[in-house]
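Quick one: the structure is below, and I'll ask about it shortly.
The values are calculated or read from the model by the stated rules, or taken from the named source; none is laboratory data. Note that this is a predicted model, so its numbers are computed, not measured. For accessibility, only protein heavy atoms count, side chains too; no ligands or nucleic acids. Shrake-Rupley method; radii C 1.70, N 1.55, O 1.52, S 1.80 Å.
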Amino acid sequence: MSSANTRNIKDANQKAATRLYPTRNDLPEETRAKVVAVMNERLAELIDLALVIKQAHWNLKGPQFIAVHEMLDGFRSGIDAHVDEVAERLVQLGGTALGTVQQVSKNTSLETYPADIHRVEDHLKALADHYAGAGKRVRKSIDQTDELGDADSSDLLTGVSRTLDSNLWFIEAHLQESA
Ligand SMILES: [Fe+2]
């Protein structure tokens, strides 16, 4: 693809990121615009998280392999469902969901997941950090969207937060010794 074409696509993507479509939804336009921006940030982190769950699922080696390998497939399904909910919510508000790998890479605020680890414990620790980062931001956005007057997005994010906390508990239970 020529560099001019690449530039045109990047310009079009930039416009899509900020354009707000009209809707009969009665939330004020300003509220919808702000919520769309917040939800696209959380969407990027949830897609990032979904990808690294599989990165761990594929590359794990060592004791507890099969238990963790299978556990992570269940986690991935749960996160995928939330990815869909968040993306569709922001489209309902007139936005455009930014789900390409380039947009996700640009918009996620999570640390880069290490690609050179293999031990089960190392993956669990890296995943716990990723979950904690995503959970912290989702919890903040529950309040942000509530304060913006969008109780539905806030409620949706509360469900996401519960899943993130539950998954984090499962991961940390593998890392903590019993008293
Ligand atoms: Fe698999």
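By its C-alpha gyration tensor, with a ≥ b ≥ c as the square roots of the eigenvalues, how is segment 88-152 shaped: rounded for a/c under 1.5, else prolate for a/b larger than b/c, else oblate?
Numbers: a/c = 3.48, a/b = 1.77, b/c = 1.96.
Oblate.
Let me ask another. Under 1.5 on a/c is rounded, so check that first for the chain, then, if it is not, pick prolate when a/b is larger than b/c and oblate when it is not; a ≥ b ≥ c are the square roots of the alpha carbon gyration tensor eigenvalues.
Note, shape of the chain comes out oblate.
Here's a follow-up. Add -39500 (n - 2.57) for each DSSP H run of 4 or more in the chain, then divide by its residues: what number comes out at 222 nm, to the nearest 500 deg cm²/dmol?
My calculation for the chain gives -26500 deg cm²/dmol from helical runs alone.
Less than 16 Å apart at the alpha-carbon level, and either on another chain or at least 8 residues along: which lysines does that give for Lys34?
Answer for Lys34, where 16 Å is the Cα cut-off: Lys15, Lys140, listed by chain and number.
On a C-alpha basis, how far is the centre of segment 7-40 from the centre of segment 137-179 in Å? Whole number, if you could?
25
Enter the angle in degrees (range 0 to 90, nearest 10) between the Cα long axis of helix 29-59 and the first principal axis of the Cα atoms of the chain, meaning the one along which they spread out most.
Taking the Cα atoms of the chain, the angle to 29-59 is about 30 degrees.
Taking a ≥ b ≥ c as the square roots of the Cα gyration tensor eigenvalues, with a/c under 1.5 meaning rounded and otherwise prolate when a/b beats b/c, else oblate, which class fits segment 2-74?
Oblate, because a/c is 1.5 or more while a/b does not exceed b/c.
While we're here: Subtracting the Cα-Cα distance from 0.36 nm times the residue separation, let me have the gained length for Thr100 to Ala16 in nm, one decimal.
29.0 nm
Using a 1.4 angstrom probe with every protein chain in place, what is the largest-first accessible-area order of Ile117, Ile66? Walk me through the intermediate numbers first.
Numbers: Ile117 30, Ile66 95 Å².
The most accessible residue leads, giving Ile66, Ile117.
Ranked by accessible surface with a 1.4 Å probe, highest first, in what order do Glu111, Glu45 come?
Order by accessible area, largest first: Glu111, Glu45.
Karplus couplings for segment 78-87 from phi (6.51 cos²θ - 1.76 cosθ + 1.60, θ = phi - 60°), rounded to Hz, Gly and Pro as x?
x, 5, 4, 4, 5, 4, 5, 4, 5, 4
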